[in-house]
Protein chains: 2
Amino acid sequence: MSVGIRHDDLRRRNRAMVISAVRRAGQPSRTEIAATTGLSHSTISAISADLIQEGILAESKASEPTALKRGRPQIGLALNPEAAAVLTVVLSLNFLSVAVIDYAGQVVAEEQLRLDTLVMPRDELIGECVAIVRRRLQDPDLDVGSVARIAMGIQGITDTHARAMLWSPITPLTDIPFADILEKEFGIPATTENDCNMMAVALQWRDPERYRDDFIAILLSHGIGMGLVLKGTLFTGTHSSGGEFGHMIHRPGGALCRCGRRGCVEAYAGNYAIWRSAMKMSEDAEPVDVGDADMRALAAKAREKDGPEREAYRRAGEALGFGLGNLFALIDPAPVAMVGVSAAAFDLIEPALREAIAQTAGGQHSKSISFDTEPNELPLIREGCAMRALTFVDQEIFAPGVQARSGAGKNVA
Amino acid sequence: MSVGIRHDDLRRRNRAMVISAVRRAGQPSRTEIAATTGLSHSTISAISADLIQEGILAESKASEPTALKRGRPQIGLALNPEAAAVLTVVLSLNFLSVAVIDYAGQVVAEEQLRLDTLVMPRDELIGECVAIVRRRLQDPDLDVGSVARIAMGIQGITDTHARAMLWSPITPLTDIPFADILEKEFGIPATTENDCNMMAVALQWRDPERYRDDFIAILLSHGIGMGLVLKGTLFTGTHSSGGEFGHMIHRPGGALCRCGRRGCVEAYAGNYAIWRSAMKMSEDAEPVDVGDADMRALAAKAREKDGPEREAYRRAGEALGFGLGNLFALIDPAPVAMVGVSAAAFDLIEPALREAIAQTAGGQHSKSISFDTEPNELPLIREGCAMRALTFVDQEIFAPGVQARSGAGKNVA
DNA sequence: GGCTTTTTTTCGAGCCCCAAAAAAATACTG
DNA sequence: CAGTATTTTTTTGGGGCTCGAAAAAAAGCC
């Protein structure tokens with residue numbers, strides 16, 4: 001049951017609030033923080049003095065050309081980049097990428113790797129992940145505070161507690177507890193989360209005006225994935241990462257999906273489905289992986305003249321539209337960000353998509369639904385992982401509850 | 001943005017916590033409250049002394065036959081029934097019902113009314129609602145603390161802020177701001193919420209073991225409605241009450257639905273749809289309202305022998321199954337409570353429903369999904385409204401924030 | 001009746017936040 | 001250039017809250 005608030009929780013929460021305000025605003029002055037948090041100046045003054053003393057925040061001397069204002073000038077507070085660091089791991093089809101990010105959110109090191117995820121045995125896949133992380137951690141050039149958190153973003157279904165990959169389209173393997181493996185290997189707390197969820201988190205940080213309380217991020221790629229933010233927080237299922245939008249049933253008993261079932265949205269709108277349809281192959285044809293270049297060529301052909309290619313995109317739009325319409329029936333319409341290769345072909349998809357939405361319960365305000373496109377998913381996923389890891393450090397390490405506060409990285413003050 | 005915690009909020013929150021603990025547990029002792037809230041005995045002692053002093057709680061003398069235990073016996077704390085009262089209004093097809101409920105949750109007065117909602121003009125419908133509430137409020141027999149909250153449960157879509165009915169199947173009228181109307185008329189804060197959402201709230205209180213964090217309540221009646229609880233809190237859409245499960249598209253371009261669109265789940269599983277199918281009428285046939293008795297007769301015939309009646313229930317099950325499967329793809333499986341007339345025919349629906357779920361992404365663990373049935377929706381809706389109103393009083397009136405605390409009803413201490 | 005056990009209350013200490021006052025740092029003004 | 005105005009930040013004192021420890025209360029046990 002929900003628990004009472006102890007007296008000591010108060011400071012902890014307000015500390016976290018101040019850190020969060022600084023992370024969000026960049027270089028706010030104490031006065032600005034007081035305004036956004038609603039706490040008094042004295043409280044902010046005391047808390048920020050603590051945080052500076054502990055090396056978590058720093059007064060930013062490199063202030064921009066002073067704003068020529070009367071009165072004592074504001075002193076910007078910034079996150080101390082050396083207070084800590086986090087590490088992100090992004091695993092997607094045939095691709096593994098790792099980055100080290102300082103406490104202020106800047107990438108300080110990076111490594112990418114191609115590998116054949118579809119056929120790798122379990123030990124090898126895990127081994128590659130562990131090895132690439134180890135290389136980054138042991139890099140002697142790495143001159144940031146110790147890495148305090150590892151966040152992994154992975155294409156596939158993960159569990160609610162962000163411990164394991166349960167199922168994934170990028171490998172036949174299932175139930176790999178990546179978070180536990182990394183934690184045991186490096187002694188650093190780790191998480192494993194769904195890639196589309198991380199995309200949604202990233203969008204929230206990138207453009208908080210547009211993506212704040214309620215929005216949807218849809219990945220249009222080999223498969224169809226979704227990240228959903230409702231009432232400002234990331235939506236997850238009761239047991240898994242949830243939001244398996246691509247596997248909602250569009251047509252009962254319809255086209256064959258990569259997941260083995262029939263009639264899923266993905267079986268009409270995934271890259272392989274568009275390809276299959278454009279090539280006039282059977283709806284029962286085994287899904288094949290199509291390269292990004294091939295997809296771009298397909299889209300070009302569809303734009304050039306009417307034909308099976310254009311029809312394939314039309315059908316993809318229809319499936320996505322009915323799927324979105326069903327989703328909107330449950331949650332009401334919200335802004336949508338289309339991410340991934342096929343987002344670049346959204347012009348071909350949109351007309352049929354809007355038409356389909358209009359036929360659904362969620363489509364009453366279909367004209368007001370806004371779409372945004374972003375062809376490149378990788379940076380988004382990494383950014384989401386980074387912010388997830390950093391906010392964990394903010395809240396659980398630099399504003400801890402009962403357990404003793406650990407050393408706050410290198411002190412600068 | 002999220003706001004810092006002021007020092008005075010502390011007491012307010014902990015007061016609310018204590019009240020909530022008492023409402024949940026019935027007659028807990030101070031020691032029990034300390035255990036569930038995690039606060040110290042001294043704090044609980046101080047807060048409960050305040051609450052008793054203010055007439056919100058009372059020490060229950062009528063303790064059951066003392067449990068023959070060593071040591072000072074525990075003193076049960078109970079809600080003081082006279083501390084306040086709330087009023088519930090339930091409006092559904094051709095039926096209006098009002099109840100007055102004391103602070104401890106007991107019904108103290110009640111009135112029900114048949115009326116022809118489908119054809120009533122706007123003023124008359126509103127007038128009837130206002131009139132029935134006025135009669136209850138002016139009843140001289142009413143001997144409880146002043147009514148502090150009105151909660152209305154209504155079949156149809158309401159807005160997120162629980163102010164208005166936006167659309168409803170029980171009347172052609174739209175956008176009636178019932179909450180504002182009642183507030184203005186009686187000067188008592190009011191809300192208007194979706195009936196299925198109130199069912200879900202009631203289930204949470206009735207059987208917190210079974211219905212706690214994640215579950216679904218589905219109303220099988222004239223139409224198909226849903227109330228959804230995720231992570232312990234009632235789910236609502238971004239703009240409306242949300243969860244328009246009945247209007248998810250089951251078959252694009254399929255059977256005609258009461259909402260005017262085609263292929264909705266309701267167009268296969270609503271009473272009128274089952275009737276239409278059993279009578280071998282066209283899928284385009286205009287929906288008609290079918291009485292409960294007729295539906296029970298239909299179910300009896302379907303049980304008796306195979307035929308169009310049984311097939312109609314089968315198709316209803318299929319539609320519900322695919323709808324639930326799509327929902328489960330988004331939120332993962334969760335226990336389901338089937339409520340309403342057709343829930344009594346769930347034996348006819350279940351086989352096809354389970355078969356359909358098994359074909360969807362959410363169906364991986366279809367065997368583990370549990371269903372419960374409850375043929376009578378009205379008591380549930382009322383109970384949900386009552387608990388909604390009472391918890392509002394608990395939190396906003398008896399544990400208020402900045403604004404001055406209003407008199408706490410009749411004092412008993 | 002005294003002892004044990006359990007619950008509840010009382011009391012002092014330590015924190016935390018706030019408001020007001022003071023200090024600091026800059027621009028404006030003549 | 002000195003003095004004044006303005007704005008930000010720090011300091012100080014006060015009131016509240018929760019907690020732990022001790023005391024008080026209320027029973028059963030022997």
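The values are calculated or read from the model by the stated rules, or taken from the named source; none is laboratory data. Keep in mind that this is a model prediction, so the values were computed, not measured. Virtual Cβ from ideal backbone geometry, glycine too; neighbours counted across all protein chains shown. We work out accessible area using only protein heavy atoms, side chains counted, and drop any ligands, DNA or RNA first. Shrake-Rupley method; radii C 1.70, N 1.55, O 1.52, S 1.80 Å.
Things to note:
- Sorted shortest first, the distances from the residue A:35 label point to those of the same residue in the other copies are 5.0 nm; each point sits 7 Å from Cα along Cα-to-Cβ.
- Inter-chain Cβ neighbour average for residues A:326-338, partner chain, 10 Å: 6
- Coupling constants for region A:169-181 follow from the phi torsions by the Karplus curve (6.51 cos²θ - 1.76 cosθ + 1.60, θ = phi - 60°), and in residue order they are x, 8, 7, x, 5, 10, 6, 9, x, 4, 4, 5, 4 Hz; glycine and proline get x.
- Rounded to 0.05, the FRET efficiency of the residue A:10 and residue B:292 pair, given R0 = 60 Å and the Cβ-Cβ distance, is 0.65.
- Helix A:7-25 and the longest principal axis of the C-alpha atoms of chain A enclose an angle of approximately 60°.
- Nearest-10 value in Å² for the accessible area of residue A:371, using the 1.4 Å probe: 30 Å²
- For residue B:296, the solvent-accessible surface computed with a 1.4 Å probe is close to 140 Å², ligands and nucleic acids excluded.
- Test item: A:3-15 mean partner chain Cβ contacts at 10 Å: 5
- Comparing B:367, B:305, B:69 in a Gaussian network model of chain B, where Cα atoms under 10 Å apart are tied by springs, the biggest mean-square fluctuation is seen for B:69.
- Label separation (residue B:283 vs residue B:35): 5.8 nm, computed from points 7 Å beyond Cα along the C-beta direction.
- Using alpha-carbon coordinates, inclination of helix B:195-206 to the longest axis of chain B, degrees: 50 degrees
- Antiparallel %, DSSP beta bridges [both residues in the protein assembly as shown], to 5: 60 percent
- Peptide packing for B:27-33, B:248-254 was compared via the average number of neighbouring C-beta atoms within 10 Å per residue; ordered from the highest value, the list is B:248-254, B:27-33.
- Between residue A:59 and residue A:305, the FRET efficiency from the beta-carbon distance, with R0 = 45 Å, is close to 0.10.
- Most simply put, chain B has about 60% antiparallel DSSP beta bridges, counting only bridges with both residues inside it.
- Using a 7 Å projection from Cα along Cα-to-Cβ, the label point at residue A:139 is separated from the same position in the remaining copies by 7.4 nm, smallest value first.
- Restraint check, A:231/B:231; A:280/A:305; A:231/B:184; A:305/A:367; A:280/A:301, Cα-Cα greater than 19 Å: A:231/B:184; A:305/A:367
- Angle in degrees between helix B:292-304 and the longest Cα principal axis of chain B, rounded to the nearest 10: 60 degrees
- Accessible surface for region B:148-193, divided over its residues, is 35 Å² per residue with a 1.4 Å probe.
- Solvent exposure of region B:244-369 as accessible area per residue, Å², 1.4 Å probe: 36 Å²
- Under 5 Å between amide hydrogens, built in the peptide plane, is the criterion, and for residue B:157 it picks out B:166, B:167, B:168 among residues at least 5 positions away or on other chains.
- Surface listing: B:207, B:159, B:306 arranged by accessible area from highest to lowest gives B:306, B:207, B:159, probe 1.4 Å.
- Peptide B:240-248 - average C-beta neighbours from other chains (10 Å radius): 5
- Computed per residue of the protein assembly as shown from DSSP H runs no shorter than four, each worth -39500 (n - 2.57), the mean residue ellipticity at 222 nm is -12000 deg cm²/dmol.
- Surface burial for B against A, with a 1.4 Å probe and both sides summed, reaches about 4300 Å² of accessible area.
- For residue A:396, inter-copy label distances in nm, listed shortest first [label point 7 Å out on the Cα-Cβ vector]: 3.5
- Amide proton proximity set for residue B:57, modelled H, under 5 Å, gap of 5+: B:52, B:80
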